[in-house]
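First comes the structure, then the notes that go with it.
Each value in this text was obtained by applying a stated rule to the coordinates, not by laboratory testing. Quantities reported herein were computed from a predicted structural model and do not represent experimental measurements. Cβ sites come from the backbone with ideal geometry, for glycine too, and all protein chains shown count toward neighbours.
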Amino acid sequence: MSQKHDPYDHNPADADWSKSPFSGDGNGNCVIIARFPNGDVWLGDDKDPGRPHLAFDHAEWTAFVRAVESRSAHFTA
């Protein structure tokens, strides 16, 4: 059985953070996202990008987005 890779295993200097075009400029209340070539995704806080963030591999990110889009009962926000 292969070992699952760690989606946190990227150099933070390689993270190219961006935020949604639907976010207001300078309001400091936005989620930022960094995507990596292998499909990993990091989510962070634009108020403090150096703060710890969430990391997802491709399968986890896909499941997360689908849960949000479907308003799944397993996802509460």
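Just checking my list [x] -0.53, -0.70, -0.74; [y] -0.45, -0.76, -0.84; [z] -0.36, -0.61, -0.68 against log10 I(q)/I(0) by the Debye sum over Cα atoms at q = 0.13, 0.17, 0.18 Å⁻¹ computed from this structure; which label fits? Label [y] holds the value from this structure.
Remark: spin-label model distance THR62-VAL31 equals 1.9 nm, labels positioned 7 Å along the Cα→Cβ axis. Modelled spin labels at ASP16 and LEU54, positioned 7 Å past Cα toward Cβ, are 2.3 nm from each other. In terms of the mean number of neighbouring beta-carbon atoms within 10 Å, the peptides 6-12, 65-71 order highest first as 6-12, 65-71.
Model label sites at HIS5 and GLU69, defined 7 Å from Cα along the beta-carbon direction, differ in position by 2.3 nm. Each residue of region 10-19 was assigned a 3J(HN,Hα) from its phi angle through the Karplus expression (A = 6.51, B = -1.76, C = 1.60, θ = phi - 60°), giving 9, 6, x, 5, 8, 6, 9, 6, 9, 10 Hz with x at Gly and Pro.
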